[in-house]
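Before any comments, here is the structure.
The values are calculated or read from the model by the stated rules, or taken from the named source; none is laboratory data. Nothing here was measured: the structure is a model prediction, and the numbers come from that model. Positions of Cβ are generated from backbone atoms using ideal geometry, with glycine treated the same way; all protein chains shown enter the neighbour counts. Calculation scope for accessible area: heavy atoms of the full protein, side chains included, ligands and nucleic acids excluded. Shrake-Rupley method; radii C 1.70, N 1.55, O 1.52, S 1.80 Å.
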Amino acid sequence: MQLNAPHRQRGSFLIEALIAMVIFAIGVLGLVGLQGSGVAANTDIAYRIEAAQLTGRMMATIQAAVRRNSLANFTTDLASFDHNSTGDQCILSGTESVNPLVVAWVNEVRTAARTSLPEAFEQIRVTAATNQVRIVLCWQQPGIPVPRRYVLMGTIS
């Protein structure tokens, strides 16, 4: 009886090796999936950093450009930064500003050579009663159906 026992064991090593290879393959596929998620997250972070820099730069420009020598000048200057101020959730519309500082910023946002934000569009909403400025920057990230957006709000005093 004992002589036949090793013959029944034939092929068991092969099955164990196949099971180990399947487990290893599943692990490798999991790592590849994690790498893809990591790359997508890094891309999203890079876009958000760029949007933060662009909106922050515009907020600083508004803060520096508004004249404070009279209430009339302050109100007029602040209102001149209003750009595409109607609409919300990245469906932006309204009148484009003719303020040269806004025009230059819009050109920077929309020029692909200057910014990495794909299909970017922008809004600057000025609330005169509270001197509040809301800057919205939206972009369409490749492979993601919903537009991304970054919002910066501040009070100009």
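Less than 5 angstrom separates the built amide H of residue 96 from those of 84, all sequence-distant by 5 or more or on a different chain. Sorting the segments 61-69, 102-110, 16-24 by their mean number of nearby beta carbons within 10 angstrom, highest to lowest, gives 102-110, 61-69, 16-24. Using 0.36 nm per residue and subtracting the Cα-Cα separation, the extra length available between residue 96 and residue 71 on full extension is 6.6 nm.
Rolling a 1.4 Å probe over the protein heavy atoms leaves residue 125 with an accessible area of roughly 70 Å².
Taking every protein chain into account, the accessible area of the chain amounts to 64 square angstrom per residue (probe 1.4 Å).
So if the hydrodynamic radius of the stretch 77-141 is defined as the Kirkwood radius over C-alpha pairs, what does Stokes-Einstein give as its diffusion coefficient at 4 °C and 1.567 mPa s, in µm² per second?
Values: Rh = 12.2 Å.
Answer from the Stokes-Einstein relation: 106 µm²/s.
Using 16 Å as the cut-off for backbone N distance, which residues of the stretch 136-157 belong to the label zone defined by a point 7 Å from the Cα of residue 46 along Cα→Cβ? Answer for this model: 140-144. For the chain, which DSSP H helices look membrane-span-like by this rule: Cα extent along the axis of 18 Å or more and mean Kyte-Doolittle of at least 0.5? Span-like helices here: 12-65.
Once Rg and the Kirkwood radius are both taken over the C-alpha atoms of the chain, their ratio Rg/Rh works out to 1.47. Surface composition of the stretch 20-157: carbon plus sulfur atoms contribute 64% of the solvent-accessible area (1.4 Å probe, protein chains only, all chains present).
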